[in-house]
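For reference, the structure discussed in these notes is given below.
The values are calculated or read from the model by the stated rules, or taken from the named source; none is laboratory data. Keep in mind that this is a model prediction, so the values were computed, not measured. Virtual Cβ from ideal backbone geometry, glycine too; neighbours counted across all protein chains shown. Protein only, heavy atoms only, side chains kept; ligands, DNA and RNA dropped before computing areas. Shrake-Rupley method; radii C 1.70, N 1.55, O 1.52, S 1.80 Å.
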Amino acid sequence: MQQSAEWMRERVDKLKEEVCTLFTPSKDMLRRMYLVDEIVHLGIDHLFEKEIETALKDIHESEFASSNLYEVALRFRLLRERGFWVSPDVFQKFKGDDGNFLNELADDPRGLLSLYNAAHLFIHADQVKRALRLPLPRTLKRVEMLHYMFEYDQDNGHNPVLELAKMDFNLLQQVHLKELKEISRWWKDVSGYMGLNHIRDRVVECYTWAYAVYHEEDLAIARMIFAKLIVLSAILDDTYDVYAFTSIEECRTLNAAIQGWDDTAISLVPEYLRKFYEIMLSTFREFEDQMPSNKRYLVAFNKAEFQKVSSYYMEAAEWSHRNYKPSFSEQVALATETTGVRSLAAGVMLGMSDAATTREAFEWLGSQNKADMPCAVETYINEHKVTVDVAIAKINELMEDEWKTTNRARIDNQAVLPVAQRLINLTMAIPLFYGYDSDGFTFGEQLREILENLYVKPMPI
């Protein structure tokens, strides 16, 4: 039986006080590491940001001479994820003269999983299987949390950390479900007004991507803005798509109007797309109204990125119209732009706090892009005369290298860390929708169980 929200909030406040006592300063760095790891995996780290920061600072500044692979890898991951520099040389002690890891480590599955996947205190076969499919640093945290909570429950039974995690999840679930209903009503009105038959009805998936970037209750405005940004990007994608019924001339006039970005440019737009153009302009005005005056430049920045994406879509449409066969490098270069990830990355700062939206963060803000896999595969096959399997393997290798370069780099400036973490969250949603050679964004039925668990089914207390 589910308790009332008021009762749960009161219980959460008491549990937070109880869990806070577990952060009492101690020289037992392993115990503090395990506590931080446990809290992060259970999805309640947003409740203890200051405590976690203090604990990790102490861990970082303390001597650590362990020869246990699990412990060394756990410390490495926890500190690196929060922007503390740890040299990879800490793993040299586990390597032989040839530079390879010692053979005897094969008998240490917990240590190997810790090294490979940012480890767990308790190892489950299911955890290992998930890790081998997708390493934990590239997993959507809220989805992994659902698995971990069930496994943690089996091993630990009732304790205040687990109870707090369940209560917090259920309270946030009520917030998210309310927002999902709100944006679904907005989409029903907007899509009905536009009357476009070629666009995908994927508002739940769009909201889920925003949820992946920020799930915290105090970031509701940022979450809803970002969800609408993804909706607009998806409509643009569907309209320029080579398989849509939009002609090349209609694409050209739409792009010209988007570059103009003004009510007077609507006369350039094909009649059946004019309502979409109106919605696009009015939605960005809505974003401006939700921003304080000193942050409206972020909306202007997003507008410019949206215009760039339209231009890139136009270029792809021109290629298709001319039956132009791009080289692999040309295809990848354009595909990284037409995914819309760059414009979405620009939207990450909209609605975040003043402490997060610093000038340093704005200047640093970049993006990690994911190539359009089907087009890239086809191009690679044509250019290099290889099989599909070889092409996919090569592209995955390139994407893996990009991931390592982008997300494992040291973030020296702590001022950019909050935005950098949101940007990483954005990229983590990519495997959820497009992993395992599938398109869960377009064919959402395969995500049905995950979405029900996130939004509909509360955790049993």
TODO: Within the range 309-330, work out how many residues are open to solvent by 80 Å² or more (accessible area, probe 1.4 Å) and either outside any helix (DSSP H, G or I) or outside the structural domain of residue 249 (by the TED database) (or both).
DONE: 3
Task: The one condition in (1) closer than 26 Å to residue 40 by Cβ; (2) not assigned by the TED database to the domain that holds residue 432 that residue 189 fails to fulfil - done: (1)
Task: Yes/no for residue 153 being open to solvent by 50 Å² or more (accessible area, probe 1.4 Å) and closer than 29 Å to residue 41 by Cα - done: yes
- [ ] Might you check whether a residue that is open to solvent by less than 30 Å² (accessible area, probe 1.4 Å), in a helix (DSSP H, G or I), of a type in the set (Phe, Trp, Tyr) and in contact with a Leu (Cβ under 9 Å, 6 or more places away or on another chain) occurs anywhere in the range 183-200?
- [x] no
Open item on the list: I'm checking my understanding of the structure. Among residues of the range 439-461 that are within 18 Å of the chain's Cα centre (by Cα) and hydrophobic (A, V, I, L, M, F, W, C), which one is modelled with the lowest pLDDT?
Closed with: 441
Open item on the list: On the basis of being charged (D, E, K, R), within 21 Å of residue 193 (Cβ to Cβ) and modelled with pLDDT under 90, does residue 289 make the cut?
Closed with: no
Open item on the list: Just the residues that are without any contact (Cβ under 8 Å) to a residue 40 or more places away in the chain, surrounded by 14 or more Cβ atoms within 10 Å (Cβ to Cβ) and either among the β-branched types (Val, Ile, Thr) or over 19 Å from residue 223 (Cβ atoms) (or both), please, taken from the range 278-295.
Closed with: 278, 281
TODO: Being of a type in the set (A, V, I, L, M) and loosely packed, with under 11 Cβ neighbours inside 10 Å is the filter here, so list the residues in the range 60-103 that pass it.
DONE: 65
- [ ] Would you please name the residue that is farthest from residue 216 (Cα to Cα), looking only at residues in the range 18-48 that are of a type in the set (D, E, K, R) and open to solvent by 80 Å² or more (accessible area, probe 1.4 Å)?
- [x] 27
- [ ] Pull up the range 201-226, narrow it to residues that are open to solvent by less than 40 Å² (accessible area, probe 1.4 Å) and among the charged types (D, E, K, R), then point me to the one that is nearest to residue 450 (Cα to Cα).
- [x] 205
Open item on the list: Residue under question is residue 179, and the condition is that it be assigned to a helix (DSSP H, G or I), at negative phi and surrounded by fewer than 21 Cβ atoms within 10 Å (Cβ to Cβ); does it hold?
Closed with: yes
- [ ] Would you check which residues across the range 67-94 are among the small types (Gly, Ala, Ser) and modelled with pLDDT under 85 and list them?
- [x] 83, 87
Task: Pair list, Cβ under 7 Å, 6 or more apart: the range 65-84 residue touching a residue at least 60 places away in the same chain (Cβ under 8 Å) and outside the structural domain of residue 418 (by the TED database), other residue surrounded by fewer than 21 Cβ atoms within 10 Å (Cβ to Cβ) and not in a helix (DSSP H, G or I) - done: 80/86; 83/411
- [ ] Give the residue, chosen from 268, 254, that is touching a residue at least 12 places away in the same chain (Cβ under 8 Å) and open to solvent by 20 Å² or more (accessible area, probe 1.4 Å).
- [x] 268
TODO: List the number of the failed condition for residue 280; all other conditions in (1) out of contact with any Asp or Glu (no Cβ under 7 Å at 6 or more places or on another chain); (2) assigned to a helix (DSSP H, G or I); (3) within 26 Å of residue 420 (Cα to Cα) hold.
DONE: (3)
Open item on the list: Can you tell me how many residues within the range 181-229 are more than 26 Å from residue 170 (Cβ to Cβ) and among the aliphatic types (A, V, I, L, M)?
Closed with: 5
